[in-house]
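Visitor: Got a structure here, written out as structure tokens. Questions coming.
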Amino acid sequence: MDEVHGQLLTLLREEYSKNRTISDDLLSSLNVVFGNPLLPALNLVDKETITRFTSPSGRGAFQVKGSSGKFYALLPSSHFCSCPYHEFGVLKRKESPMCKHALAILISCAMGSCKEGTLTDEGLASLLLTNNDVDNT
């Protein structure tokens, strides 16, 4: 993530923790930087579709339930997503630095609204390999 993304997410974290809302100015700045995926990402955050799973060994992954109902798994250290927009809009057409799923993760973490779950290492591997919903054990 580049410096501008990090600064905007820091501002979001600070503003949301203080006011429990996001100002129009900050939304405008986020829109300029992240573009088309911003509104769908905010919708995913609003619907609480993001879960951070960790294992007892300290490994972790995120799961996002997309607007179509399909699940996407992403690593904390990567913005790679298996969704079609990541391949075509992010990588090929370079329309945005990331897809709505990756952006929703960053926003939900900055706002402190990411759900938490625990999985075994095998459960995390299954999550990443299958992109299916997992039982939160």
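Visitor: Go through the stretch 85-118 and give me each residue that's of a type in the set (A, V, I, L, M), open to solvent by less than 10 Å² (accessible area, probe 1.4 Å) and in contact with a strand residue (DSSP E or B) (Cβ under 8 Å, 6 or more places away or on another chain).
Guide: Scanning the stretch 85-118 gives Ala102, Ala104.
Visitor: I've got another one for you. Tell me yes or no: at least one residue of the stretch 95-113 is touching a residue at least 60 places away in the same chain (Cβ under 8 Å), over 30 Å from Lys18 (Cβ atoms) and within 15 Å of the chain's Cα centre (by Cα).
Guide: Taking every residue of the stretch 95-113 in turn, none turns out to be touching a residue at least 60 places away in the same chain (Cβ under 8 Å), over 30 Å from Lys18 (Cβ atoms) and within 15 Å of the chain's Cα centre (by Cα).
Visitor: Cβ-Cβ distance below 9 Å, separation of 6 or more or different chains: which pairs start in the stretch 69-93 with a residue that is of a type in the set (Gly, Ala, Ser) and end on one that is open to solvent by 40 Å² or more (accessible area, probe 1.4 Å)?
Guide: As it stands, the answer is Ala73/Ser82; Ala73/Leu128; Ala73/Leu129; Ala73/Thr130; Ala73/Asn132; Gly89/Asn36; Gly89/Glu95, since those pairs meet every condition given.
Visitor: Here is a further query. Need the failing condition index for Gln63 against (1) over 10 Å from the mean Cα position of the chain (by Cα); (2) over 20 Å from Thr10 (Cα atoms); (3) at pLDDT 90 or above, just the number.
Guide: All conditions are met except number (1).
The values are calculated or read from the model by the stated rules, or taken from the named source; none is laboratory data. All figures in this text were calculated on a predicted structure; none of them were measured in a lab. Cβ atoms come from the backbone with ideal geometry, glycine included; neighbour counts cover every protein chain shown. Heads up: the accessible areas ignore ligands, DNA and RNA and are worked out on the full protein's heavy atoms, side chains in. Shrake-Rupley method; radii C 1.70, N 1.55, O 1.52, S 1.80 Å.
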